[in-house]
Amino acid sequence: MVTEILAARSIREEKDLVAPLMFLSGLRVSDVCHLTVEDVGLEGRSLYVRAGKGNKDRRLPITPKLTRILHGWITTTRSRCVGADSPWLFLHMKRTHRYHGQPLNPKAINHQVHNKIVPILGRKVTPHSFRHSYGTHIWEESGDVRLTQHLMGHASINTTAIYTHVTPRKEREKLAEYLK
């Protein structure tokens with residue numbers, strides 16, 4: 001999914017990196033809206049989520065790919081934007097927008113996904129779809145429910161259990177393994 005999004009012609013400006021960020025980090029929409037430049041640890045490859053759900057702070061490791069994407073955004077595109085002196089990582093950038101210079105809000109992220117990402121993927125997705133895909137991917141690759149719980153920022157293991165479903169990919173892999 002993220003490869004399709006990043007390869008699309010219409011996602012040339014880094015301002016459209018919210019969906020890849022959500023897919024590669026599993027952040028909630030509210031977490032993305034509240035990220036500051038200071039929360040991005042490029043050297044340590046991490047994001048610091050302040051007052052996330054349940055008013056909890058957490059540090060989240062990020063992939064080398066996401067580190068490169070965020071580095072490009074912070075050092076190139078964002079530094080040339082009006083409002084570059086703002087602490088927020090993502091801002092409303094249209095000068096004519098009533099929220100110009102303020103941090104992105106959930107409605108803006110929903111709008112971006114609907115107008116930019118849905119046409120690329122050719123199917124209905126929501127910002128939460130990226131978080132769910134991240135959780136499923138972590139579970140499939142690790143098989144570790146505690147790791148998945150930690151990376152998703154869940155207080156309860158019961159919440160994480162929804163990611164332990166058997167996906168068609170895993171089904172095919174297990175079937176092939178049994179039929180050897």
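The values are calculated or read from the model by the stated rules, or taken from the named source; none is laboratory data. From a predicted model like this one, the values you see are computed outputs, not experimental measurements. Glycine also receives a Cβ, built like all others from the backbone with ideal geometry; neighbour counts cover every protein chain displayed.
Among the residues making up segment 49-80, those that are free of Cβ contacts under 8 Å to residues at least 60 places away in the same chain, surrounded by 16 or more Cβ atoms within 10 Å (Cβ to Cβ) and either assigned to a loop (DSSP other than H, G, I, E, B) or touching a Lys or Arg at 6+ places or on another chain (Cβ under 7 Å) (or both) are ILE62, THR67.
Close contacts from segment 155-180, counting a first residue that is on the phi < 0 side of the Ramachandran plot and a second that is β-branched (Val, Ile, Thr) and surrounded by 10 or more Cβ atoms within 10 Å (Cβ to Cβ), with Cβ to Cβ under 7 Å and a gap of 6+ residues or different chains, come to ILE157/VAL145; THR160/VAL145; THR160/THR148; TYR163/THR136; TYR163/THR148; THR164/VAL145; THR167/THR136. Residue check: is LYS180 over 22 Å from the mean Cα position of the chain (by Cα), modelled with pLDDT under 90 and assigned to a loop (DSSP other than H, G, I, E, B)? Judged against the criteria, LYS180 is a match. Annotation note: Cβ proximity below 9 Å between a residue of segment 109-131 that is within 17 Å of SER30 (Cα to Cα) and a residue that is among the aromatic types (Phe, Trp, Tyr) and not in a helix (DSSP H, G or I) (sequence gap 6+ or interchain) occurs for ILE109/PHE90.
Cβ separations smaller than 8 Å between residues 6+ apart or across chains give the following pairs from segment 17-28 residues that are of a type in the set (D, E, K, R) to residues that are in a loop (DSSP other than H, G, I, E, B): ARG28/GLY52; ARG28/GLY153.
Every test in (1) closer than 20 Å to LEU151 by Cα; (2) at pLDDT 85 or above is passed by PRO87 save one, and that test is (1).
Scanning segment 5-48 for residues that are in a helix (DSSP H, G or I), modelled with pLDDT under 60 and either surrounded by 15 or more Cβ atoms within 10 Å (Cβ to Cβ) or of a type in the set (D, E, K, R) (or both) yields ILE5, LEU6, GLU14, LYS15. Here THR96 passes the criteria (1) modelled with pLDDT under 80; (2) part of a helix (DSSP H, G or I); (3) loosely packed, with under 14 Cβ neighbours inside 10 Å except the one numbered (2).
Does ALA108 satisfy the condition of being in contact with a helix residue (DSSP H, G or I) (Cβ under 9 Å, 6 or more places away or on another chain) and in a loop (DSSP other than H, G, I, E, B)? Here the answer is no, as ALA108 does not meet what is asked. Residues in segment 31-48 that are under 15 Å from ARG78 (Cβ atoms) and either without any contact (Cβ under 8 Å) to a residue 60 or more places away in the chain or polar (S, T, N, Q) (or both): LEU35, THR36, VAL37, GLU38, ASP39, VAL40, LEU42.
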